[in-house]
Amino acid sequence: MATFFLSTNDYNSFIRNLSAQYRVFGLKGEEKNFYWSRLTAEKSEHTPNRYRALTPVKSFFFPVKEEVTAEPPVEKTILLGVKACDLAHLQTTDAIFLQGALADPYYALKRQNTIIISSDCDSYIPACFCTLMGGLPYPTKGFDLNLTPVREGFLIETGTQAGEDLAKANTSLFAQASRQQLAERDNLRNKMTELLKANNKDFTWTNPKDIVTAKYASQKWESDIAKTCVECDACRFACGTCYCFLLAESKKSWERIRSWDSCQSEGYGRVAGGANPRKTKGERLRNLYSCKLQYRPENFGFYACTGCGRCIEACQGKIDIRKSLQKLSEER
C-alpha cells in the first residue's frame, strides 16, 4: 500500500479526471445532513471528509427498489468519501449477496464496477459510536483509495490494485508524502478516536453479543426498550447492513421487482391464517438485536452493527441502541 500527497488544486484536477471516465458520487450538504450527489466537471463541489452520509452506501449495490427481470446496464462508478462504518457494513452485504451458494448477479455486477475512494472522518455527530463496536473513525481496509485531510491537501493511500491503477493514471498529480504529513495524519486519527470515545463515555458495555444472548428472556424488551417504537421502519431503512427484501411482480407488465423490507413490521413474519411468530414489538426488536449482534458474529465472525448511528437519528421513538444495551447489561 503506497501513500502520496495531493494538493488542493491538484485534487480538483483529480476529480475532473475521474468524472470524465466514471460516474462519480460524492458527499454534499450541511452539518448533520450529508447526502450522495453526482459530481461532474462542471459541478464538482463536495465535502470529502466530515462524517458519513444519511443514506448508507449499500444503496448503490442493493437499491431501495429495482427490477430483477433483465440484466442491469454496466456503469463504471466511483464512490467518493465512503467512511469506515460504511466499509464495514459492506462486509455483511457482501457475505449475504456474494458468498452464499449462489452470488446475486445484480449486486455482484454493481460491486465489480464500482471503485471506492474512502476518507477519514474529521468530525462526528452525537449518534456516532464506531469505537464501541471495535471500529475506528478512519478506514483500514475495504477501500481502493483513501483520503486523509492534511494542510493544503490530502494524503492518498492505495488499498487495492484498482486503486494502484487509478493512482498511476493520475501520477502527474501526486507527490511523495512527507514525514510531517504522515505525522499530521496520525495525529488527526488519534484525536478523532479519543473524541469518539469521550462522546460515548457514559456507555460501559463491552460485549454486545454476550449481553443480547444472556438477556433473551428479559422483560425489558417489551416493557422498556420497544415501548416507544411506532413501527415506522425508519431504523431498518437507514441501516447499512439490513438486507431483507420483498420480491413481487408488477400487475401491469409482470416485471419482477425487489424492494427493501423490514423485520420490524408486524406483517413481515405474518403467515397464512394470520399467525405470527413474532407478534409483539418487543419480540421483533429483540430479533433485530440478535440478528446483528449475536447471529452475525456467530455465522460470519463480525458484528452487523458498526456504530454509524443512523438508526438512532432516524428513530421516531427515540430508541438508542447504545442505551438499550446499557439497560440490558445493568439488569440483574
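Here are some notes:
- Computed lengthening from Cys263 to Ser7, 0.36 nm per intervening residue step minus Cα-Cα distance: 87.5 nm
- The C-alpha radius of gyration of segment 232-295, expressed as a fraction of 2.2 N^0.38 Å, stands at 1.27.
- Simple spin-label estimate for Glu71 and Glu249 in nanometres, 7 Å along Cα-Cβ: 2.4 nm
- Solution diffusion estimate, µm²/s, Stokes-Einstein, segment 112-242, Kirkwood Rh from C-alpha pairs, 10 °C, viscosity 1.306 mPa s: 87 µm²/s
- Relative contact order for segment 208-330, counting Cα pairs under 8 Å that sit 6 or more residues apart, in percent: 37 percent
- Under the convention that each Lys and Arg Cβ holds +1 and each Asp and Glu Cβ holds -1, the size of the dipole of the chain around its Cα centre is about 760 debye.
- Under the Debye formula (equal points on every Cα, no solvent term), log10 I(q)/I(0) of segment 3-199 at q = 0.13, 0.15, 0.16 Å⁻¹: -0.71, -0.95, -1.08
- Centre-to-centre separation between the Cα atoms of segment 175-230 and those of segment 246-302: 26 Å.
- Filter on Lys83/Lys318; Lys43/Lys110; Lys141/Lys215 - keep pairs with C-alpha separation over 28 Å: Lys141/Lys215
- Value of [θ]222 nm, deg cm²/dmol, for the chain, DSSP H segments ≥ 4, -39500 (n - 2.57) each, nearest 500: -9500 deg cm²/dmol
- Tensor-based shape of segment 108-174 (alpha-carbon gyration tensor, a/c under 1.5 rounded, otherwise prolate or oblate): oblate
- Tail weight of P(r) past 35 Å, computed on alpha-carbon pairs of the chain, percent: 26 percent
- Cα-centred dipole magnitude for segment 70-213, charges only on beta-carbon of K, R (+1) and D, E (-1), debye, nearest 20: 260 debye
- Legend: calculated FRET efficiency, Lys43 to Val271, from the Cβ-Cβ distance at R0 = 45 Å, rounded to 0.05, equals 0.35.
- Electrostatic dipole magnitude of segment 208-330 [Cβ: Lys, Arg +1; Asp, Glu -1; Cα centre; debye, to 20]: 60 debye
- Counting DSSP beta bridges with both ends in the chain, the antiparallel % (nearest 5): 70 percent
- Springs join every pair of Cα atoms under 10 Å in this Gaussian network model of the chain, and among Phe14, Phe61, Phe300 the largest mean-square fluctuation is at Phe300.
- Leading residue at positive end of dipole, the chain (Cβ point charges), from Ile116, Ala226, Asn299: Ala226
- Within the chain, Cys121, Cys128, Cys130, Cys229, Cys232, Cys244, Cys263, Cys291, Cys305, Cys315 have no other Cys Cβ under 4.7 Å of their Cβ and so lack a disulfide-compatible partner by this rule.
- Cα lying deepest toward the dipole's positive end in the chain, options Tyr138, Ala272, Gln21, charges on Cβ: Ala272
- For segment 208-330, the spherically averaged projection of the C-alpha convex hull amounts to 8.9 nm².
Here, each number is a calculation from the coordinates, and none is a lab measurement. Predicted, not measured: the structure shown is a model, and the values here were computed from it. Using ideal geometry, Cβ is built from the backbone for each residue, glycine included, and neighbour counts are taken over all protein chains shown.
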